[in-house]
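Asks: I'd like to ask some things about the structure below.
The values are calculated or read from the model by the stated rules, or taken from the named source; none is laboratory data. Treat the numbers as computed from the prediction; the structure is a model and nothing was measured. So basically every Cβ, Gly included, is an ideal-geometry build from the backbone, and we count neighbours across all protein chains shown.
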Amino acid sequence: MLVLLGIAVVVFGFVVRANPLLVVMAAAITTGLAAAWTPQADLAIMWLAGVDTLARFGKAFNDNRFISLVWMVLIAIGLLERSGLQERARIVIARIPAATSAGVLWIYLVARQVLSALGLTSLGGHAQMVRPLVAPMAEGAAETKYGPLPDRERFLIRSHAAAVDNIGLFFGEDIFIAIGSILLMVGYLETNGITIAPLQLSVWAIPTAICALAIHSLRLWLLDRHLRRSLSATAVAVA
Amino acid sequence: MIALPHLYLLAGLVFGAFALLSAIDGTNLRRYRTAAFWGLVAASFLFGSLIGDLGNGLVALGLVALAALGLGQGKARTTTTDERRASAERRGNLLFLPALVIPAVALLGTLAAQNTVQGAMFIDPKQATLISLILGVLIALAIIMIWLKPPVLAPLQEGRRLIDAVGWAVILPQMLASLGAVFLAAGVGDQVGKLFADYIPLSTRFAAVAAYCIGMALFTILMGNAFAAFPVMTAAVGLPILIHGFGGDPAAVCAIGMLAGFCGTLMTPMAANFNVVPANLLDLPDRKAALNGVIRAQIPTALPMLGVNIVLMYSLAFHV
């Protein structure tokens, strides 16, 4: 029961808003110490347990280095930004008079969800697509319609640009059979004596995917209505 | 064949360059701290396999200490907004090409490595997507350097500008995976399962479905990852009660349960690469808040979706 202290540390870290890296490390050490604790344990034993936990953490940290390789895309994206990629995205959208922020985001949501369902999850992402293209296009559409944006609306549009990437990915990827979470489930059930094919799992992701698309489309429609009301009001006030 | 060690070498050199450029950036008030942070990341990539488990643990501890003290943000040399606008006008839509090269190479490389003999000789099929993605970055980089002829150091300076914007969140996903390993070794999952089984009344099918789905979401909120929540909650509620007790279809229970966990991912700052990294990349003013703009934009979709998943599992997973 004592090992649950690690989870308590995570919750506590949340509440006091400590740096998440610090919370993770504190939770790991706490868990390792709690697992080793017995009424007879003295300082030397606990010290050893702490060192062991740090080594176990270090081994996993080293084994998981591949997770952090994706940051290499930043050098190419940064270079393109330097040459005006975001500005170009705005110019293109400004030439489509019918484009709205919510419309741009909706098209990206559908594309992201469909492509993820086909296993093409690497065709999106915050560093590759949202920052250089999707967010500037969505902002540009609103600027073309209503003029310069107040900060509040600008950041609202940006937040929604990140949200459509996540929601499209999460509720699309499980329809594809060779994605990490599907393989995890197959492996887990296998070790518990239940054999199922990945396809059996992925078909059950379809009803949720359809509902997610419906619910988030409604959200984007509401966003469009909100932007229309608040921005045309400020446009009038400025005029 | 290109495999992960080659990419680690490349990433180590790039992060090493970020560290050097940070150290000589006088505009960053905490330049040595920032340089030390990227330097440790570089050391992990370059020497991680040589320094042993405890050595890697100490590297992680050093990263945590530097992040807790607070990192600075440098001012990398870049272009002005006017220069960018002029460049955008001059270069036209061709500017999109290099940006699209990255995902295109990632996709083609993955397919080639997994389906053709030649591809498998060139790219390690086990990590095909990651390797192809980096290859795409290098090809895009080559195109930009030849076509636009920016200064030689520009890729590193621009990369540093963006990596400084992301900050310590760069290594949070890797740290969470490591925490998962420690939890697993200490048997945290089994204990949570016992807690659920002992204290939560799961006598009706609906209560059990709701406990499983909400438990998946809650545990994901804490761990930042539905993958960590899945084995715990499925061992506690999914297998013994929903599948063996109420005769639920294992495929439907697990698939929808995982998606309930994803609803949790949408609501937590612990899912750094989905919720914190974009807030940093998009310069949101509330990026340090527990519920930043991205999470607030997602909660009104995530909560109804949690309800939807409960209803779907209740009505689809049991053939009565």
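Residue-by-condition table, conditions (1) more than 7 Å from chain A (Cβ to nearest Cβ); (2) more than 22 Å from the chain's Cα centre (by Cα):
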{"site": "B:179", "(1), (2)": "no, no"}
{"site": "B:183", "(1), (2)": "no, no"}
{"site": "B:186", "(1), (2)": "no, yes"}
{"site": "B:193", "(1), (2)": "yes, yes"}
{"site": "B:211", "(1), (2)": "yes, yes"}
{"site": "B:214", "(1), (2)": "yes, yes"}
{"site": "B:244", "(1), (2)": "yes, yes"}
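Asks: Go through (1) within 20 Å of residue A:122 (Cβ to Cβ); (2) touching an Asp or Glu at 6+ places or on another chain (Cβ under 9 Å) and name the single condition residue A:69 misses.
Replies: (2)
Asks: Kindly establish whether residue B:72 is more than 7 Å from every other protein chain (Cβ to nearest Cβ) and of a type outside the set (Asp, Glu).
Replies: Against the criterion (more than 7 Å from every other protein chain (Cβ to nearest Cβ) and of a type outside the set (Asp, Glu)), residue B:72 qualifies.
Asks: Tell me whether region A:135-143 contains one or more residues that are part of a helix (DSSP H, G or I), free of Cβ contacts under 8 Å to residues at least 12 places away in the same chain and in the same structural domain as residue A:230 (by TED's automatic domain parsing).
Replies: Checking region A:135-143: not a single residue is part of a helix (DSSP H, G or I), free of Cβ contacts under 8 Å to residues at least 12 places away in the same chain and in the same structural domain as residue A:230 (by TED's automatic domain parsing).
Asks: Continuing with the same structure: Restricting to region B:95-111, name every residue that is touching a residue at least 12 places away in the same chain (Cβ under 8 Å) and surrounded by fewer than 19 Cβ atoms within 10 Å (Cβ to Cβ).
Replies: Once the filter is applied, which keeps residues that are touching a residue at least 12 places away in the same chain (Cβ under 8 Å) and surrounded by fewer than 19 Cβ atoms within 10 Å (Cβ to Cβ), region B:95-111 yields B:97, B:104, B:108.
Asks: Still on this model: Quickly run through region B:1-29 and pick out the residues that are free of Cβ contacts under 8 Å to residues at least 12 places away in the same chain, over 26 Å from residue B:121 (Cβ atoms) and not hydrophobic (A, V, I, L, M, F, W, C).
Replies: B:26
Asks: Pick out the one residue from B:269, B:300, B:278 that is over 20 Å from residue B:208 (Cα atoms) and not in a helix (DSSP H, G or I).
Replies: Checking each option against the conditions leaves just B:269.
Asks: While we're looking at this one, here's another question. Return the only residue of B:252, B:297, B:289 being facing another protein chain (nearest Cβ under 7 Å) and free of Cβ contacts under 8 Å to residues at least 24 places away in the same chain.
Replies: Answer to the selection: B:297.
Asks: Examine region B:133-154 for a residue that is in a helix (DSSP H, G or I), more than 7 Å from every other protein chain (Cβ to nearest Cβ), within 27 Å of the chain's Cα centre (by Cα) and buried (at least 23 other Cβ atoms within 10 Å of the Cβ), and state whether such a residue exists.
Replies: yes
Asks: Collect the residues in region A:77-112 that are part of a helix (DSSP H, G or I) and either charged (D, E, K, R) or more than 24 Å from the chain's Cα centre (by Cα) (or both), keeping them in residue-number order.
Replies: Scanning region A:77-112 gives A:81, A:82, A:87, A:88, A:90, A:91, A:92, A:93, A:94, A:112.
Asks: Looking at (1) within 7 Å of another protein chain (Cβ to nearest Cβ); (2) small (Gly, Ala, Ser); (3) out of contact with any helix residue (DSSP H, G or I) (no Cβ under 9 Å at 6 or more places or on another chain), which is the one condition that is false for residue A:78?
Replies: (3)
Asks: Also, quick follow-up: If you scan region A:149-197, which residues turn out to be assigned to a loop (DSSP other than H, G, I, E, B), more than 8 Å from chain B (Cβ to nearest Cβ) and at negative phi?
Replies: Matches in region A:149-197: A:149, A:150, A:175, A:176, A:177, A:178, A:179, A:195, A:197.
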